[in-house]
Amino acid sequence: MKSKVVTIKEAMEHCYDGMTVMLPGFVNCGVPETLIEALIEYGIKDLDVISNNTSVKGRGIGLLVHENRIKHITCTHIGNNTETVEKVVNKEIDVTFTPQGTLCERMRAGGAGLGGVLTPTGLGTPMEEGKPVIEVDGKLYILEKPLHANVALIHAWKADKMGNLVYRRTARNFNPIMATAADFVIVEAEEIVEVGDLDPDVIHTPGCLVDMIVQGRPTEEGHK
């Protein structure tokens, strides 16, 4: 069995300008900070980001905002990061808002190969504009299309060398679902262990979904 553990340099060879990238995290909990810093170091730009939010100014995804690496983001809100708000207002970043539950379901659809999801959320609001509205059993639903990325950058608490992952508490958030919805999945793990060291009953993401693993660093948020 070949180990999936690689260097940051090897991982960045699979990232490129203009790619669609999924970045997990709730504010800055469960965010792949090591990999985000590597994107900046290796000059990756013009990113189309799918994420719940943009962290806070100067941390996590907020670093990509500050370094002008994002051209478009699909997210639920940007209010935690005043710099993102400024760049959206100034048309430096294009943003597509989507309700948080809808975002999750669209990613789930992307990972499962579905054609989309039907939801009543957003009917009669700007969320409905430009989207098909379908009637089922006398009720109206918006058809929300699936979300899929070229690359997903994932933060795990523990990973074995085959790519089986364990997340810790609230740092799990969007990581598991994003790991299903990208062509290529790169994981930063706080701790990398040998195959067999993880109890199969505690694994959240199976190694078949993971392409590469790099050594990350412990985060205070990841232990809450």
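Observations on the model:
- When ALA179 is tested against (1) under 9 Å from the mean Cα position of the chain (by Cα); (2) farther than 29 Å from GLY115 by Cα, exactly one condition is not met: (2).
- Restricting attention to the range 1-39, the residues being loosely packed, with under 15 Cβ neighbours inside 10 Å and either closer than 20 Å to VAL95 by Cα or β-branched (Val, Ile, Thr) (or both) number 3.
- Residues in the range 188-218 that are β-branched (Val, Ile, Thr) and in contact with a Pro (Cβ under 8 Å, 6 or more places away or on another chain): THR205 only.
- Within the range 40-59, the set of residues being closer than 18 Å to VAL27 by Cα and touching a strand residue (DSSP E or B) at 6+ places or on another chain (Cβ under 9 Å) comprises VAL49, ILE50, SER51, ASN52, ASN53, THR54.
- Number of the condition not met by ILE44 [criteria: (1) surrounded by 17 or more Cβ atoms within 10 Å (Cβ to Cβ); (2) at positive phi; (3) free of Cβ contacts under 8 Å to residues at least 60 places away in the same chain]: (2)
- Of the numbered criteria (1) surrounded by fewer than 21 Cβ atoms within 10 Å (Cβ to Cβ); (2) hydroxyl-bearing (Ser, Thr, Tyr); (3) free of Cβ contacts under 8 Å to residues at least 40 places away in the same chain; (4) not in a loop (DSSP other than H, G, I, E, B), the one THR84 fails is (1).
- Residue that is most open to solvent (accessible area, probe 1.4 Å), among those in the range 105-118 that are in contact with a strand residue (DSSP E or B) (Cβ under 7 Å, 6 or more places away or on another chain) and in a helix (DSSP H, G or I): GLU105
- Total residues in the range 6-48, condition part of a helix (DSSP H, G or I) and aromatic (Phe, Trp, Tyr): 0
- Search result, residues across the range 156-166 that are out of contact with any Ser or Thr (no Cβ under 8 Å at 6 or more places or on another chain) and within 18 Å of GLY60 (Cα to Cα): TRP157
- Looking across the range 57-75, the residues that are surrounded by fewer than 19 Cβ atoms within 10 Å (Cβ to Cβ) and either at pLDDT below 95 or in contact with a His (Cβ under 9 Å, 6 or more places away or on another chain) (or both) come down to LYS57, GLY58, ARG59.
- Strands (runs of 3 or more DSSP E) fully within the range 119-194 counting 2 or more residues that are touching a residue at least 60 places away in the same chain (Cβ under 8 Å) and open to solvent by less than 60 Å² (accessible area, probe 1.4 Å): 149-160, 182-193
The values are calculated or read from the model by the stated rules, or taken from the named source; none is laboratory data. Computed from a prediction, not measured in an experiment: that's the story for all the values here. Quick reminder, even Gly has a Cβ in these numbers, built from the backbone with ideal geometry, and neighbours come from all protein chains shown. The accessibility values were calculated without ligands, DNA or RNA, using every heavy atom of the protein model including side chains. Shrake-Rupley method; radii C 1.70, N 1.55, O 1.52, S 1.80 Å.
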